[in-house]
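Quick notes on the structure that follows.
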Amino acid sequence: MNNFKLNRGWTEEDKLHMLHGGVPLDDFAKNGTPLILDSACGIRVKDIHGREYIDALGGAICTSCGYSRKELAEAAKEQMMKLSYAESWSGITSTAAIDYAHALAEFTPQGLDRFFFVNSGAEANETAYKIARYYWATKGFKEKNKIISRNLGYHGLNMVSMWATGIPRFQGKLGAPDPDIVNIAECYCYRCPFGKDYPGCNLECADALAQAIEKQGKDRVAAFVAEPIYGVSGTICPPPEYFPKIKEVCDKYEVLLILDEVMTGFGRTGKNFACEHWNVKPDMLCMSKGMISSALPIAGVAFTEDIFQGMLCSESFPHLHTCGAHPVSCAVAKRNLEIMIEENLVENSAVMGRYMLDELTKLQEYPFIGQVQGMGLFLGFEMVQDQKTREPFKNKEEKKLTKAILEEGVIVRPGGSRIQIGPPLIVTRDDVNDILAAIKKAVANFKA
């Protein structure tokens, strides 16, 4: 029986009791949250007023197998009735965690078959940084602590991952930068920070990593972390030679390569993991989101046996979470992986993504649409004042277009000067056409 009846309505209760990130607080305190969702199924969500939307963002690029999957609910119930909790530290773990790790090792890139499970992408990143530092310290390099990341990158907003995130708006009023986190120039060919044009640039953005390692000293740099494709900054894809060159630099200077595949993993780009597009195998790989279609919290770090062997000593690894490797999350994540394989969702992402990219590219007939990029069902397009100069808008036109698309019944989001699209991997051709129709109509009627 529910004794906690809402008396003020959803919006007023939200304003009264909640604190949300990513929105201006004064506006929230006055107006509440603009879109409050109540139910969902497949690729569609419904708000508290009964209006239905196609979620072309897949939540936060995460509901890969779709909303409200009965199979996931059944897996959760079955595991909760069997073993609803077990820690995974101090000499205890669960059969559910081991079972999932075994299954996951068949899906991750070859050689990345050791796992540490946590609860979020930010926790996965911080775990990877800890593993890197612990690995080097155990091998006798106790000052090899620095983590290098990139401008525009997003690696979560915990107190260490926040500084690895190269987006200043996420760091205001939160203290001094972490001195062991070093940011280098972004890889963004459309707006090259070096003023060069690809392919005549000699990949200066990759050379920036070598220069940073030499400046800091190779015996002080533990790892380099990067998203294969920028996510929060707006689905920005690298040239195909970039990550192979990054891997060469890391190997040359004995720096571990951590790829943050929290967004790009589990079929999002048309491969199991985005690094497979370039045949690059990192030393560690961070994952979450599509790992469980965000039906429950789970995340993890996959790493090599060489790293595990290098960590071996008489001490314990000083890292744990109360709900890390939670048996219910592990059971549901395993069922999510089975669904991806059974329904061939990785291939569907590749096929539907190619079609969607071809159609979105046609938007460049409008003078305010710049670069259109994407891999699989991870797509985005740039908004510009002028296609030749590539000058971005200064008054957040991407937010206005996002709102216009929402009014057509489709959810997308702005990222930097881009509009980002990433629907669930279960989308059909008809679903994609519905999404495209809404975007095309909003673009056609848009006045910058």
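The values are calculated or read from the model by the stated rules, or taken from the named source; none is laboratory data. Computed from a predicted model, the values in this text were never measured in an experiment. Glycine gets a Cβ as well: all are built from the backbone with ideal geometry, and neighbour counts include every protein chain shown.
Annotations
- Scanning the range 168-190 for residues that are under 25 Å from Thr264 (Cα atoms) and either in contact with a strand residue (DSSP E or B) (Cβ under 8 Å, 6 or more places away or on another chain) or among the small types (Gly, Ala, Ser) (or both) yields a total of 9.
- Selection of the range 393-408 for residues being out of contact with any Pro (no Cβ under 6 Å at 6 or more places or on another chain) and crowded, with 16+ Cβ neighbours inside 10 Å yields Phe393, Glu397, Lys400, Leu401, Ala404, Ile405, Leu406, Glu408.
- Residue in the range 263-278 that is among the hydrophobic types (A, V, I, L, M, F, W, C), at pLDDT 95 or above, in the same structural domain as Ala105 (by TED's automatic domain parsing) and touching a Cys at 6+ places or on another chain (Cβ under 7 Å) present: no
- For the range 68-89, the criterion of being in contact (Cβ under 8 Å) with a residue 60 or more places away in the chain and in contact with a strand residue (DSSP E or B) (Cβ under 6 Å, 6 or more places away or on another chain) is met by no residue.
- Sub-7 Å Cβ pairs linking a first residue in the range 390-403 that is more than 13 Å from Arg191 (Cβ to Cβ) to a second residue that is loosely packed, with under 14 Cβ neighbours inside 10 Å, at least 6 apart or interchain, are Phe393/Ala448; Glu397/Ala448, ordered by first then second residue.
Residue-by-condition table, conditions (1) assigned by TED's automatic domain parsing to the domain that holds Phe308; (2) in a strand (DSSP E or B); (3) buried (at least 16 other Cβ atoms within 10 Å of the Cβ):
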site: Gly111; (1), (2), (3): yes, no, no
site: Lys130; (1), (2), (3): yes, no, yes
site: Arg150; (1), (2), (3): yes, yes, yes
site: Asn158; (1), (2), (3): yes, no, yes
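- Note on the range 65-81: among residues that are of a type in the set (Gly, Ala, Ser) and part of a helix (DSSP H, G or I), the one that is surrounded by the most Cβ atoms within 10 Å (Cβ to Cβ) is Ala75.
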